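The values are calculated or read from the model by the stated rules, or taken from the named source; none is laboratory data. Keep in mind that what you see is a predicted model, and the values were worked out from it rather than measured. Quick reminder, even Gly has a Cβ in these numbers, built from the backbone with ideal geometry, and neighbours come from all protein chains shown.
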Amino acid sequence: MKCISAAALSKEYGDTRAVDRIDLNVEPGQSFGFLGANGAGKSTTIKMLTTLIRPTSGSLNILGVDALRDPLRVRRRIGVVLQQPSYEPTLSVERSMTKYGMMWGVPGSESRSRAERLMRDFGLADLRRKRNEDLSIGQRRRVQVAREFMHDMDLLFLDEPTVGLDPAARRELLDYLKEKATSGLTIFYTTHILSEADYLCDNIAIIQKGRILASDTPAALKKRLGRQKTITLRTNADDHAVSAALAGIPDCVVQTGMGASVTIETAKPEHILMEVLGRLRKNGIKMREISAEAATLEDIFLETIRDASGSETG
């Protein structure tokens, strides 16, 4: 049984199609990254998957339940943290946690025990008596995510959960989510920080203008779509000499500095690299350093979006 199974899922607002016949399949215990620029359709998709809005067309099965026929049954088994801030300004951190547990029917003693553990896990123990309105944006976000774990769930939706978090807090949250995923929790995750998705997610999908452009593991997408490779060479010569030696070679950019730096960006770096090295040697220019960079998930994302935009205008 799939944890999420959506087929030809669409959402229209008047003449605007925000989500256009997307198919999604998420396995139980998987961390699934859902990536896209602002306005790509991510938030609308999450609102459909969490039964907050009804699709215009298509089918949707969540945790073995037909989400269109029985949305309340779905809601009992999922957790949701949306982009919008959600907190009770005058409640303390501790009270916010226990109140949330009470809303989900968690018994008092168990609710207090869970709140204590979560405040410790999310670095909120020293803030327990602070009111939410007195917290920083990042601290409020940690409360918002932490309290979702006050209740038992099989599937957690996180829409930009690290907004406002510093790098250390962000990594701690990602490690916490990784641990929960290994224990069986399925996570549906959106972020603008591509390194987060690369670190956390087993599979990702890239959405643009309401359509899924690519979906696979991060490693498979890099291998399949990461055509551009970057190689940087640093030489002992000035930029004029290097520019003259490499004139006419495609995809080579000569940068000025302490010795000219040559950047090669190409789908076939080995061929151009041999040409570059041959010309440098012929002109008596020695190479001081060479480094290569593999395609990152951010490279893949930008390349996928760029290719889709080019095909639409071409």
Note on the range 12-39: residues acidic (Asp, Glu), in a loop (DSSP other than H, G, I, E, B) and either surrounded by 22 or more Cβ atoms within 10 Å (Cβ to Cβ) or in contact (Cβ under 8 Å) with a residue 40 or more places away in the chain (or both) are 27
Provide a single number: the residues in the range 97-113 that are touching a helix residue (DSSP H, G or I) at 6+ places or on another chain (Cβ under 9 Å) and surrounded by 12 or more Cβ atoms within 10 Å (Cβ to Cβ).
-> 10
Residue list for the range 154-192, filter: charged (D, E, K, R) and closer than 21 Å to residue 24 by Cα | 154, 159, 160
When every residue in the range 296-314 that is among the polar types (S, T, N, Q) and modelled with pLDDT under 75 is compared, the one surrounded by the fewest Cβ atoms within 10 Å (Cβ to Cβ) is 313
Within the range 132-148, is there a residue that is closer than 22 Å to residue 29 by Cβ, of a type in the set (D, E, K, R) and modelled with pLDDT under 95?
-> no
Just wondering, is there one or more residues in the range 114-128 that are loosely packed, with under 15 Cβ neighbours inside 10 Å and not in a helix (DSSP H, G or I)?
-> no
Assess whether residue 9 counts as being under 18 Å from the mean Cα position of the chain (by Cα), in a strand (DSSP E or B) and aliphatic (A, V, I, L, M).
-> no
Identify, from the list 74, 80, 143, 163, the residue that is among the aliphatic types (A, V, I, L, M), closer than 22 Å to residue 196 by Cα, touching a residue at least 12 places away in the same chain (Cβ under 8 Å) and part of a helix (DSSP H, G or I).
-> 143
Per the filter on the range 40-55, residues buried (at least 21 other Cβ atoms within 10 Å of the Cβ), in a loop (DSSP other than H, G, I, E, B) and of a type in the set (A, V, I, L, M, F, W, C) are 40
Of residues in the range 266-295 being surrounded by 16 or more Cβ atoms within 10 Å (Cβ to Cβ) and not in a helix (DSSP H, G or I), the one modelled with the highest pLDDT = 285
Meets criteria (over 27 Å from the mean Cα position of the chain (by Cα), at pLDDT 95 or above and in the same structural domain as residue 171 (by TED's automatic domain parsing)) for residue 75 = no
